[in-house]
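Student: Quick one: the structure is below, questions incoming.
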């Protein structure tokens with residue numbers, strides 16, 4: 001069995017792994033490279049494999065760095081099935097449509113051909129096959145996979161692959177429990193090889209349960225200064241988590257009544273998908289819904305769909321809260337608010353998402369004093385705050401806890417495979433190498449950080 005690391009190797013984005021067993025070739029993910037210019041240029045390069053030879057793609061979840069190149073795969077001749085959970089399929093449709101609009105605009109400005117169009121997205125959607133958690137599914141004779149709950153975003157999965165009498169586990173992006181809305185990630189206990197994400201492999205988050213108190217403090221502080229609280233937020237998961245906590249803070253009168261704007265058409269569409277799949281929520285959230293709580297709606301909340309409505313936010317005097325995409329300030333409506341409000345020391349910019357290298361969000365989070373946005377030079381005087389507990393990614397502590405479970409004896413399993421090797425992926429180099437060293441020191445298991453296009457025989 002061969003594995004080729006076609007993305008997310010010593011970087012966070014571009015997740016894509018080619019697995020070959022008995023001449024059956026599949027992909028785990030096919031995502032966009034995002035962040036620095038040299039990374040994004042990789043999206044315009046040919047795939048390091050022949051898409052026509054790929055029998056199937058297994059998708060763990062619907063973030064662009066995991067699904068963003070699927071339309072290009074179709075464009076290059078892929079005809080196979082794409083397996084994912086039902087929420088992942090719905091979300092993928094939305095994020096790819098949104099991405100296509102942005103890519104067309106960028107391509108027109110740069111005078112180049114867009115990476116993909118709506119035609120490829122429509123074709124891709126015909127290839128999707130919905131698979132539930134814990135449903136063992138055959139890809140080819142003797143080649144199976146099973147999804148487990150990864151607790152990262154709604155419908156996200158870890159993947160167990162069984163072939164050639166081997167068990168291979170891809171963690172996918174593991175969640176950060178206890179999270180608002182979602183169940184904790186499933187623990188698996190048997191594998192020959194594990195491919196482990198390392199987005200936060202060198203860091204420890206604040207306790208997730210403290211997030212509500214921390215955001216309460218930031219909101220109250222900004223209101224006291226009669227400022228504007230800007231929150232760059234991913235349309236998926238982070239915005240819904242914020243809504244869930246703000247709903248509780250408003251209903252229990254723990255923050256003063258101020259206008260709260262969700263300024264992201266994509267976030268609004270994604271929230272509708274969340275409402276469609278309450279069976280994926282954790283027990284507490286399900287209980288609240290049964291008691292009649294509309295967890296995504298509360299007094300003072302304004303949903304701005306159109307550009308006109310977005311611009312009208314400027315006419316509302318502070319204090320106010322604006323939650324807008326994109327999560328790394330790489331575009332979207334948040335950059336228009338940043339242009340307007342970053343220069344005022346009364347205002348606050350709150351980071352609740354991972355900020356990749358090379359992004360405007362990363363520069364702002366690291367304390368840059370002046371930035372250029374939309375061809376304007378902006379002095380950054382607004383306060384900058386960060387709440388890492390909102391991260392949808394597991395930190396170093398939980399990654400190690402999840403991994404240690406593989407050393408426990410198997411239960412209810414005919415074959416309990418002994419963990420032979422761990423591949424640390426989906427993390428910047430420092431994060432990945434730090435985690436790999438810790439794994440070797442604490443668990444005594446070989447842990448390697450592969451390079452892009454490296455091939456390993458399993």
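Student: Looking only at the range 165-175, filter to residues that are in contact with a strand residue (DSSP E or B) (Cβ under 8 Å, 6 or more places away or on another chain) and in a loop (DSSP other than H, G, I, E, B); which one of those is farthest from residue 30 (Cα to Cα)?
Tutor: 175
Student: Surrounded by fewer than 20 Cβ atoms within 10 Å (Cβ to Cβ) and free of Cβ contacts under 8 Å to residues at least 24 places away in the same chain: is that true of residue 210 in this structure?
Tutor: Working: surrounded by fewer than 20 Cβ atoms within 10 Å (Cβ to Cβ): yes; free of Cβ contacts under 8 Å to residues at least 24 places away in the same chain: no.
No, not satisfied.
Student: Shifting gears a bit: Being under 25 Å from residue 176 (Cβ atoms), in a loop (DSSP other than H, G, I, E, B) and touching a strand residue (DSSP E or B) at 6+ places or on another chain (Cβ under 6 Å) is the filter here; which residues of the range 356-401 pass it?
Tutor: 393
Student: Taking the range 329-341 as the region of interest, how many residues are assigned to a loop (DSSP other than H, G, I, E, B) and either more than 26 Å from the chain's Cα centre (by Cα) or farther than 26 Å from residue 255 by Cβ (or both)?
Tutor: Number satisfying all stated conditions: 2.
Student: Can you pull out the residues in the range 2-40 that are without any contact (Cβ under 8 Å) to a residue 24 or more places away in the chain and either touching a helix residue (DSSP H, G or I) at 6+ places or on another chain (Cβ under 6 Å) or closer than 17 Å to residue 160 by Cα (or both)?
Tutor: Across the range 2-40, the qualifying residue is only 20.
Student: So which strands (runs of 3 or more DSSP E) stay within the range 176-265 end to end and still have 3 or more residues that are touching a strand residue (DSSP E or B) at 6+ places or on another chain (Cβ under 9 Å) and within 30 Å of residue 340 (Cα to Cα)?
Tutor: Per the criteria, 228-232, 260-263.
Student: Go over the candidates 170, 143 one by one and state the one that is modelled with pLDDT of 95 or more and under 17 Å from residue 422 (Cβ atoms).
Tutor: 170 is the lone residue from the list that is modelled with pLDDT of 95 or more and under 17 Å from residue 422 (Cβ atoms).
Student: The conditions are (1) in contact with a helix residue (DSSP H, G or I) (Cβ under 8 Å, 6 or more places away or on another chain); (2) surrounded by fewer than 23 Cβ atoms within 10 Å (Cβ to Cβ); (3) not assigned by TED's automatic domain parsing to the domain that holds residue 432, and residue 221 fails exactly one of them. Which is it?
Tutor: With respect to (1) in contact with a helix residue (DSSP H, G or I) (Cβ under 8 Å, 6 or more places away or on another chain); (2) surrounded by fewer than 23 Cβ atoms within 10 Å (Cβ to Cβ); (3) not assigned by TED's automatic domain parsing to the domain that holds residue 432, residue 221 is out only on (1).
Student: Which one is nearest to residue 258 (Cα to Cα) among residues in the range 313-328 that are touching a residue at least 40 places away in the same chain (Cβ under 8 Å) and part of a loop (DSSP other than H, G, I, E, B)?
Tutor: Only one residue fits best here, namely 319.
Student: Could you please tell me which pairs satisfy a Cβ distance under 7 Å, a separation of 6+ or placement on different chains, a first residue in the range 83-108 that is without any contact (Cβ under 8 Å) to a residue 12 or more places away in the chain, and a second residue that is surrounded by fewer than 21 Cβ atoms within 10 Å (Cβ to Cβ)?
Tutor: Note: pairs meeting the criteria are 107/113; 107/114.
Student: Same structure again: Identify, please: which residue in the range 435-452 is within 23 Å of the chain's Cα centre (by Cα) and assigned to a loop (DSSP other than H, G, I, E, B) and is, among those, surrounded by the fewest Cβ atoms within 10 Å (Cβ to Cβ)?
Tutor: Among them, the one singled out is 451.
Student: Still on this structure, please answer the following. Residue 399 fails exactly one of the following numbered conditions: (1) modelled with pLDDT of 95 or more; (2) touching a helix residue (DSSP H, G or I) at 6+ places or on another chain (Cβ under 7 Å); (3) surrounded by fewer than 17 Cβ atoms within 10 Å (Cβ to Cβ). What is the number of that condition?
Tutor: Result: residue 399 fails condition (3) only.
Student: Same structure again: Checking the conditions here, which among 196, 181 is modelled with pLDDT of 95 or more and over 17 Å from residue 82 (Cβ atoms)?
Tutor: Only one candidate qualifies: 196.
Student: Let me ask another. Scan the range 324-331 and give yes if some residue there is within 17 Å of residue 272 (Cβ to Cβ) and either surrounded by fewer than 19 Cβ atoms within 10 Å (Cβ to Cβ) or modelled with pLDDT under 95 (or both), otherwise no.
Tutor: Yes: one or more hits.
Student: Of the residues that sit in the range 284-308 and are part of a helix (DSSP H, G or I) and free of Cβ contacts under 8 Å to residues at least 24 places away in the same chain, which one is surrounded by the most Cβ atoms within 10 Å (Cβ to Cβ)?
Tutor: The qualifying residue surrounded by the most Cβ atoms within 10 Å (Cβ to Cβ) is 288.
Student: When the range 115-164 is examined, which residues are found to be in a loop (DSSP other than H, G, I, E, B), surrounded by 20 or more Cβ atoms within 10 Å (Cβ to Cβ) and touching a helix residue (DSSP H, G or I) at 6+ places or on another chain (Cβ under 8 Å)?
Tutor: 115, 116, 153, 154, 155, 156 - these are the residues of the range 115-164 that are in a loop (DSSP other than H, G, I, E, B), surrounded by 20 or more Cβ atoms within 10 Å (Cβ to Cβ) and touching a helix residue (DSSP H, G or I) at 6+ places or on another chain (Cβ under 8 Å).
The values are calculated or read from the model by the stated rules, or taken from the named source; none is laboratory data. Given the structure is predicted, the values throughout are model-derived calculations rather than measurements. We place every Cβ from the backbone using ideal geometry, glycine too, and count neighbours over all the protein chains shown.
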